1. Could you check how many percent of all C-alpha pairs in the stretch 376-508 are farther apart than 19 Å?
2. Can you list residues whose amide H is under 5 Å from residue 19's amide H, if they're 5+ apart or on another chain and H is modeled 1.01 Å from N?
3. Cβ under 15 Å from residue 532's Cβ, residue 532 left aside: what net charge do those residues give with Lys, Arg +1 and Asp, Glu -1?
4. Could you please state, rounded to a whole Å, how far the C-alpha centre of the stretch 30-100 is from the C-alpha centre of the stretch 122-175?
5. So who's got an amide H within less than 5 Å of the one on residue 90, skipping anything under 5 residues away but keeping other chains? H placed 1.01 Å off N, in plane.
6. Can you spot the lysines whose alpha carbon is less than 23 Å from residue 401's alpha carbon? Ignore those fewer than 8 places along the same chain.
7. What are the extents of the Cα atoms of the stretch 242-331 along their three principal axes, listed from largest to smallest and rounded to whole Å?
8. To the nearest 10 Å², what's residue 292's accessible area with a 1.4 Å probe?
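The values are calculated or read from the model by the stated rules, or taken from the named source; none is laboratory data. What you see is a predicted model, and the numbers here were worked out from it, not measured in a lab. So basically every Cβ, Gly included, is an ideal-geometry build from the backbone, and we count neighbours across all protein chains shown. With ligands, DNA and RNA removed, areas are computed over all heavy atoms of the protein, side chains included. Shrake-Rupley method; radii C 1.70, N 1.55, O 1.52, S 1.80 Å.
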Amino acid sequence: MSALQSVSGKSHAAGAETYDVVVVGAGFAGMYMLHKLRGLGLSARVYEQGGDVGGTWYWNRYPGARCDVESMQYSYSFSDELQEEWDWSERYAPQPEILKYANHVADRFKLRPDIQLNTRVDRAAFDEGSNCWSVTTSDGKTVTAKYVVLATGCLSNARMPDIKGLAGFRGKVYHTGHWPHEPVDFKGQRVAVIGTGSSAIQSVPVIAEQASHLTVFQRTANFSIPARNAALTVEERNAFRANYPEIRRFAREVARNGIYTEMPDRGALDDGDNERRSKYESRWTRGGLTFMMAYNNLALDKAANDTAANFVREKIAEIVKDPQTAKLLQPNNHPIGSKRICVDTDYFATFNRPNVTLVDIKSNPIEEILPNAVRAGGKDYAVDALVLATGFDAMTGSVAKIDIRGRNGQTLNQKWAEGPKTYLGLMSAGFPNLFIITGPGSPSVLSNMIVSIEQHVDWITDCIAYMRDRHLDTMEAKREAEDNWVAHVNEVAQGTLYPQANSWYMGANIPGKPQIFMPYIGGVGVYRQICNDVAAKDYEGFAMSVPERTQKLAASS
Ligand code: NAP
């Protein structure tokens, strides 16, 4: 009997395996959650639908896939030993290396025995009699657990576009978010890539080198900054390690996006043209996401944002030789950064290759996919293979696939029909003892994910320990606290330029999905402080209950 069962004293359906905690997903969030739960002496079962650990890095193995946060920062900070022993080879780690790291973590911390692979969680229902969750998996089993933690990832539900004729295409169809495990060789093939988000921007230059011809179908041009990827030297790694305590502290507490970098102290319009240009030039030369940290008002002030957007548009025009193609590649319908900014290696230069064609499907939409061609604007583009880089049902998509039933049988999908509602992105009212890691309403996808994952896992662990120490039975968000938080998340977003873009942050990429800015944009440092304050005030805004047995004892004494 585990620590929690002995406290709660509940009995469960005969024969059902019982755990203190069921964790859904064995990516970076699920693995660290398991490690921490073990530290509390709790029993936990992790279900993972993939064939191995790694989450997003298990699925997204398309050509050129690599992280857009520098590897020395996109790594766990919870173990000094792990930090010391793992040597990242490049400034931006390629997908295979990140997957290797995930596997190393699973082995090093002996996590595998509690992870069941190739198993989807189909259903989770809260039983108001026992105050436990009943969790049904794709292997037909049902287990019970006091807590359920959704570590399902924000960009895990790959989205197939609804294009006429797609099912009848005779060649191979690939989705970047669901790439096969066998090597894919496009040598000698005519390839089409549909979509021009981060996944396409990384894969297009690599596919162009293999394919006999590559046609890129672009609906919306995107801003992208050169990665300037390079091998990491021993000296660079050591310099990072020497400063790790400060780098990690800064990323957690100060940086808005969980990435250590110099913080700008002025707005873009505070500098004259020459000075501003030289600042952008130096950020462009350095490369990477921190381009947007050149000034402190790029996400807030359209005129300031225009200066950065114009700089990048000019760069595109310098790189791309054909003026018409350059014009098409220059984003013109959203502020820079309001869609997730991309980081690339030679993306724009790839369009100078003779074997690459850009097709503007904004003005000439794809009408149909034929067995051997893509028809757009009345023209047929002959292709042998199709790469769909069409993105994800982000933030809510993976959670929505699970039939989650809380109090009174209400499903989470019913509750979120008009947009996700959470308190702090961690819990949703009416769903007791159900935690979400990096859920909507938390900084999540606007941050270095591992920083946000570690913060949530630590907070959830402390919370479960708090409940155990006080013999508490359930915890859930109060409606009023949740409503106030949802309003706050919206209000902060409305003060920025983000809602001006039709982005997946807004749910705008999924037809019919409610358009609400889902992540919390207040910054990871501010958010962490809010979460810590809530915990320090005995989990203010959350309702906690004692077991019925304790209530009865109290009433009779
Ligand atoms: P995405 O940003 O959502 O891009 C999807 C692309 O497909 C967009 O260009 C979209 O056009 C297009 N599209 C969607 N449906 C279409 C349709 N029916 N017809 C034609 N075009 C269609 O998806 P993603 O590139 O996979 O990236 C998603 C997120 O994952 C990124 O923003 C990033 O946060 C993360 N990511 C990170 C990395 C990294 O760390 N380096 C790499 C890849 C992805 P519209 O814009 O017009 O909708």
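1. So the portion of pairs separated by more than 19 Å is 60 percent.
2. 144, 145, 146
3. Numbers: positive: 249, 252, 528, 537; negative: 253, 454, 458, 462, 533, 538, 540.
After counting each charged neighbour, the total is -3.
4. Here the answer is 21 Å between Cα centres.
5. Residues meeting the amide H criterion: 232.
6. 141, 146, 415, 421, 513
7. Computed over the stretch 242-331, the largest-to-smallest principal extents equal 49, 27, 20 Å.
8. Number for this one is 40 Å².
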